[in-house]
Amino acid sequence: MSARLSRSREDWLASCESGPAGTPLPGARDVVSSSWWRARSTGLDPDRVLPPVLLEGTDLLERRDAHPLAGVLPTARRLLLEEPLGVPVLMAVSDVDGTLLWVEGDPGLRRAAEQMAFTAGARWSEDVAGLNAPGTALALGRPVRVRAEEHYATAVSRWSCSAAPVRDPSSGEVLGVLDLTGGDDLGRERALQFVRAAVGALEGELRVSALRRGLGGMPVALPPPALRLSVLGAAAHLGVAADVRSLSLRHSEILLTLLTGPEGGQSAARLAAELDERHLAPVSVRAEVHRLRSVLGERTRGLVALSPAPYRLVGPLGCDALEVRDALRAGRVRDAVRGWTGDLLPASDAPGIRELREELRAGLRAAVLEGEDDQALLEFSRTGIGRDDPVVAHDLVRRLAPGDPGRAEALAREVRLRG
């Protein structure tokens, strides 16, 4: 924006003291100029803008649990965070008052954003923060994109963002705002179009949920339940809801290898190399795949199948280990810790599985130690890999305040490990 301005930001702000109200901001879009004047008319100082953090701890968790967008948050994460966009991003979701309830995404961006109070629990409505995509989208009731120096607050002038309101499909009322924040790419028109498409998906899911509750007065066919592969802990399982049964180690290794492998599938020879570093014969792999195909047909009733070579999975199949990995990538460290129920296929010595196991353990440990979520670190210290880790115990003692029950627990663990 600065290159298009005929006068500097400071000149315009100074001219507001003596010039007529509503004088356009030179070189700015109408939405920017109008918002700046709204902020200026209230006496908001762009150099001193600091959005207040209104919710923390239990209050924040309770507000999240009660919010109507909590149920569609997994879809927002899948669309905006789990599929790489090519640039680091933060996804934020606010309530109708402009209070950010969730801020997730790139860990480095999150730490930087916290310096300007762009964090869960902070109020970013336009009246307290000036022009910004989430707050102005709420103020105008429509999608908004804001690039760098278009922000009213000086502290936000290096950031860009695009946001759109999410509405109740039944009443049309605004429930909150979905926002993408990051570098210059996030203030472009294509980023706003992407956010609008994601909002459409969320509103569609809200509409389906309403119909399921009978609000539409018509029967609705529910989609088939999600199938899930569980590979964390002592034994592997495959199934859905109450119908979960154990799965052999070799079949678990094959499924997990295909889930994490290339989309085009894998040949028998490649699968053999992933499963056994002693060069398992491809003919043996073909026999196991044939048996696994029968198991999938019986357990999933055809919802998940194995294609002919190159082998790949056809149909939706969730996996607890990949959910932990995705939570780590999205910066949801506490969710990752709570999802981690043990080592990934601990009995497996397959090279590919061993590599995944070590990456997951190391990634989880690094996330809790380098992050700022003390509760996540405490919960990690109670897991099988955190319980005997002296660095984790020492870090907890350092980070938790005297009198905190968790600190006493960490002190006892540190003494035990020293002894």
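A few remarks follow.
- Length, then width, then depth: along the principal axes, the Cα atoms of the stretch 228-319 run 37, 27, 21 Å.
- Taking each DSSP H run with n ≥ 4 as -39500 (n - 2.57) and averaging over every residue of the chain yields -13500 deg cm²/dmol at 222 nm.
- Alpha-carbon spread of the stretch 318-390, three principal axes, descending order, Å: 35, 27, 17
- Computed over the stretch 239-380: relative contact order in percent, which uses C-alpha pairs under 8 Å that are six or more apart: 23 percent
- Sorted fewest first by neighbouring Cβ atoms within 10 angstrom, ASP335, ASP65 come out as ASP65, ASP335.
- Which of VAL156, VAL208, VAL49 has the fewest Cβ neighbours within 10 Å, and the rest in rising order: VAL208, VAL49, VAL156
- C-alpha long axis of helix 30-41 to longest principal axis of the chain, angle in °: 70 degrees
- Magnitude of the charge dipole for the stretch 268-419, about its Cα centre and with charges confined to Cβ atoms of Lys, Arg (+1) and Asp, Glu (-1), is about 400 debye.
- Loop trypsin sites (Lys or Arg not before Pro), the stretch 270-365 (other Cβ atoms within 10 Å of the site Cβ: 12 or fewer; DSSP): ARG278, ARG301
- Of the two radii for the stretch 57-212, the radius of gyration is 0.94 times the Kirkwood radius, both from the alpha carbons; that is the Rg over Rh value.
- Across the chain the C-alpha pair distances fall into 10 Å bins from zero in the proportions 4, 18, 23, 23, 18, 9, 4, 1, 0 percent.
- Cβ-placed point charges (K, R +1; D, E -1), dipole of the chain about Cα centre in debye, nearest 20: 960 debye
- Relative contact order for the chain, counting Cα pairs under 8 Å that sit 6 or more residues apart, in percent: 11 percent
- Sorting CYS161, CYS319 from the fewest to the most surrounding beta carbons within 10 angstrom yields CYS319, CYS161.
No lab work stands behind these numbers, since they all come straight from the coordinates. Since we're looking at a predicted model, the values are computed, not measured. Positions of Cβ are generated from backbone atoms using ideal geometry, with glycine treated the same way; all protein chains shown enter the neighbour counts.
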